[in-house]
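Enquirer: The structure is given below, and queries will be raised subsequently.
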Amino acid sequence: MDDDPIPISAIQHAVYCLRQAALIHIERLWEENRLTTEGRVLHEATQEPGARYSRGLRRVSAMPLASRRLELAGVADVVEFHRAAQGEETPYPVEYKRGKPKAHRADEAQLCAQGLCLEEMTGRPVPEGALFYGETRRRVVVAFDDELRRVTEHAAAALRELFASGHTPAAEYEARKCGACSLKDLCRPQIGGRSAKRWRERQVREALDGRTWTAAS
């Protein structure tokens, strides 16, 4: 695998918005809002590595995952290993999310990417996993069917191309999606900007130049 594999979490960002993925993973920009803070706190509750056994079920938290084929790497919140009658274990990834189920497939694709990594790592089929949402306090079972696998692999391919180019795509404004994004103030989607990092650096330089001019005058 390459020295710098694609983070599995980037799959979610790429399915939601490829520009968002570039701002976070190429330009290294991130801004917390209430939604992202709640999500981070929820994830921290599962990030202590370890394994537990209960009623024949093995649960591994903070499990490292990787796929050479897709050039992905990351950490699963929880992977359950369900024992079959023949004694073999089937991996079952569980991803924790704040809020509630969404209309888009970004969360599902991130979970599916974990399943694809587990298939490659264990040699066992991983037909499904689950998303646990903090607002509803319920699991949503996600089947890793052919369509979702295509969405996930397409996102991984788009990210490989994005990382290789190092270029941030231009913004494409969608009111509902952009309004929910924590990066909207840096992204400036309504004016179609490209590099948010360069724009922010220019704003800082202009502010400093103005301060220097005021002090000297």
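Enquirer: Once R0 is set to 22 Å, what does the formula 1/(1 + (r/R0)^6) return for the Cβ-Cβ distance between Arg68 and Thr90, expressed as a FRET efficiency to the nearest 0.05?
Expert: 0.55
Enquirer: If you don't mind, there's one more thing I want to ask. Once the whole set of protein chains is in place, how much accessible area is left on Val60, using a 1.4 Å probe, in Å² to the nearest 10?
Expert: Taking all protein chains as shown, Val60 has close to 20 Å².
Enquirer: 5 Å is the cut-off here: which amide hydrogens, built 1.01 Å from N in the peptide plane, fall below it relative to Met63, excluding neighbours closer than 5 in sequence?
Expert: Ala76, Val79
Enquirer: Using a 1.4 angstrom probe and counting only protein chains, how large is the accessible area of Val126 in Å², to 10?
Expert: 0
Enquirer: Apply the a/c threshold of 1.5 to the C-alpha gyration tensor of the stretch 123-167 and tell me whether it is rounded, prolate or oblate. Walk me through the numbers before you get to the answer.
Expert: Details: a/c = 3.15, a/b = 1.65, b/c = 1.91.
It is oblate, given that a/c is not under 1.5 and a/b is not larger than b/c.
The values are calculated or read from the model by the stated rules, or taken from the named source; none is laboratory data. For clarity, every value in this text was computed on a predicted model and none was experimentally measured. Here the Cβ is made from the backbone with ideal geometry for all residues, glycine too, and neighbour counts use every protein chain on show. Just the protein is used for accessible areas: all its heavy atoms, side chains included, with ligands, DNA and RNA removed. Shrake-Rupley method; radii C 1.70, N 1.55, O 1.52, S 1.80 Å.
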